[in-house]
1. Calculate, in nm to one decimal, what residue 440 and residue 355 gain on full extension: separation in residues at 0.36 nm each, minus their alpha carbon distance.
2. What is the magnitude of the charge dipole of the range 376-456 about its Cα centre, with +1 placed on the Cβ of each Lys and Arg, -1 on the Cβ of each Asp and Glu, and no other charges, expressed in debye to the nearest 20?
3. On the accessible surface of the range 255-455, probed at 1.4 Å, how many percent belong to carbon and sulfur atoms?
4. Around residue 333, under 15 Å between beta carbons, what's the net of Lys plus Arg minus Asp minus Glu among the other residues?
5. Give me the distance between the Cα centres of the range 310-374 and the range 28-50, rounded to whole Å.
6. Please calculate the 1.4 Å probe accessible area of residue 377, with all protein chains present, and give it to the nearest 10 Å².
7. Using a cut-off of under 15 Å, list every residue of the range 80-103 whose amide N is near the label point 7 Å from the Cα of residue 181 along the Cα-to-beta-carbon line.
8. What ³J(HN,Hα) values, in whole Hz, does the Karplus curve 6.51 cos²θ - 1.76 cosθ + 1.60 give for the range 60-73 when θ = phi - 60°, with x put for Gly and Pro?
Amino acid sequence: PSANMGRAPGLPDGGWGWAVVFGAFVSIGFAYAFPKGIAIFFKEIQDFFGTSYSEIAWVSSIMLATTYGAGPISSILVNRYGSRPVVIFGGLLCGIGMVSAAFCTSILQLYICVGFITGFGLALNLQPSVIIIGKYFLKRRPIANGLAMAGSPVMLCTLAPLNQFLFDNFGWRGSFLILGAILLNCCVAGALFRPIGAARASVKTQATQEGKDALKEEVTKDAMEMSSPTDVPMETKMEEEEGKDCCEKINQYLDFSLFKHRGFLIYLIGNVLMFLGFFAPIVFLAPYAKHIGIDEYSAAFLLSILAIVDMIARPTTGIIANSKWVRPRIQYFFSFSIAFNGACHLLCPLASGYTGLVVYSVFFGLAFGMVCAMLFETLMDLVGAARFTSAVGLVTIAECCTILLGPPIGGTLIDTFGDYKYMFIKCGAVMVLAGTFLFIMNYYNYRMLAKEEKERKAKEEDPKSVRTENEGRNNWNKETAQDGPELEPLREEQEGLKKEVNGT
């Protein structure tokens with residue numbers, strides 16, 4: 001009983017998995033919504049420190065870039081310790097970062113406290129939440145991902161008016177103190193991430209495999225020392241083994257062979273380009289509304305409208321993506337969502353007055369929700385659940401560069417031209433280009449996959465290829481038998497290990 005204590009009962013696709021989805025709902029909601037929600041304070045912080053638009057935009061950019069750039073670190077920690085302790089520690093970091101930010105006296109200190117410390121805490125909330133859903137769900141995974149991703153609009157819908165209320169009553173310093181306490185709820189969400197029962201079996205199998213590998217290396221080493229006519233320096237051999245072990249450990253947590261995966265590379269390039277214009281419109285939506293004379297609460301309400309539509313769009317997109325018509329070609333649906341998002345930004349400068357911005361917020365929330373609901377589902381569809389942890393880490397570290405540069409580039413355009421429309425046009429053009437690229441390259445990838453599958457089936461049905469493979473195996477056995485009797489004990493040991501591993 002003590003061995004199974006703390007393990008989640010039941011099978012995946014239900015049961016405690018829905019409690020895990022709720023915990024992921026909270027963690028993902030804070031990770032995505034918080035960098036956008038604090039944009040409410042930017043106008044006042046900008047006046048307080050006397051900074052430009054581009055300088056104040058670095059606060060959200062550093063936070064978002066740290067959240068994505070720390071993805072590999074988060075993935076390694078999840079592989080080593082599990083999702084629950086990582087999320088709890090991330091919640092503590094978020095609270096510490098925001099409480100420290102309340103006492104900052106310069107914009108540089110805000111970069112460190114809000115950007116790096118809080119951003120790293122959010123990274124430790126985002127990756128484990130996405131990863132653990134893939135362990136609890138298979139058939140209903142798109143729906144579970146859509147529900148978990150709905151946490152972002154719910155949190156944004158709540159944080160936008162809440163932040164404005166906190167600022168009016170407590171100022172931005174008092175608001176940061178209260179927000180630091182609110183972020184500690186991530187620790188409660190992380191407590192719901194109970195390790196699934198199969199994890200213990202996989203750990204046991206891994207330990208058994210490591211023991212067999214160590215035994216095999218020892219037998220091989222002894223045999224080579226007995227049969228070698230010359231003495232090889234032991235220090236050189238030890239250094240080579242240590243270097244090999246280090247590389248194997250790194251590759252165990254981050255599978256760099258994914259860079260040879262065609263679908264993964266297409267996804268990576270398209271997403272790196274997309275994030276150059278993905279977050280800047282949300283960061284500058286409320287400041288833009290204040291700039292054209294709209295009052296503070298109405299400007300904050302635009303983010304709430306966006307979040308409400310986003311809230312409905314994410315689970316709806318998850319249900320559509322899980323249908324039998326869309327799921328086999330979900331990459332096309334994802335490409336369309338990105339291009340649709342860019343088209344909304346291109347049409348935003350045509351909106352005049354508050355009514356136009358409300359219409360833009362509705363369509364932007366729909367497009368934003370569609371992209372976010374499929375962001376990780378499409379990656380898992382390409383690489384599979386087994387390699388998903390490494391894929392998320394590698395993707396986020398690559399995306400952090402464009403995430404870091406997106407809002408400051410938009411702020412620079414605003415400072416240069418004195419008008420927000422050039423920022424929206426830049427973001428829209430970049431996202432339309434990214435969606436078009438993904439659509440074309442995914443069409444090519446699907447064609448190549450169909451061709452490779454056809455060739456594989458033809459090879460399996462061809463008796464000549466099977467006969468050639470058997471002949472090669474027989475020739476190899478004959479050559480091995482001629483190696484001499486001195487390696488016979490080693491071969492017997494290796495055969496015994498192979499049978500034992502297969503039995504396991």
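1. Details: separation 85, 0.36 × 85 = 30.60 nm, distance 3.60 nm.
Taking 0.36 nm per residue and subtracting the Cα distance, the gain is 27.0 nm.
2. Working: 7 positive and 8 negative charges, 44 e Å.
With Lys and Arg at +1 and Asp and Glu at -1, about 220 debye.
3. Numbers: 5680 of 7930 Å².
Percent of accessible area from carbon and sulfur atoms in the range 255-455: 72.
4. On the way: positive: 314, 324, 327, 329; negative: 377, 381.
Neighbour charge sum, excluding residue 333 itself: +2.
5. 23
6. Only protein atoms counted, so the area is about 10 Å².
7. Output list for this probe position: 95-96, 98-100, 102.
8. Values per residue, Gly and Pro as x: 5, 5, 5, 5, 5, 5, 5, 4, 7, x, 7, x, x, 4 Hz.
The values are calculated or read from the model by the stated rules, or taken from the named source; none is laboratory data. All of these numbers come straight from a predicted model, not from anything done at the bench. Don't worry about glycine lacking a Cβ; one is built from the backbone with ideal geometry, like all the others, and counts go over all protein chains shown. For accessibility, only protein heavy atoms count, side chains too; no ligands or nucleic acids. Shrake-Rupley method; radii C 1.70, N 1.55, O 1.52, S 1.80 Å.
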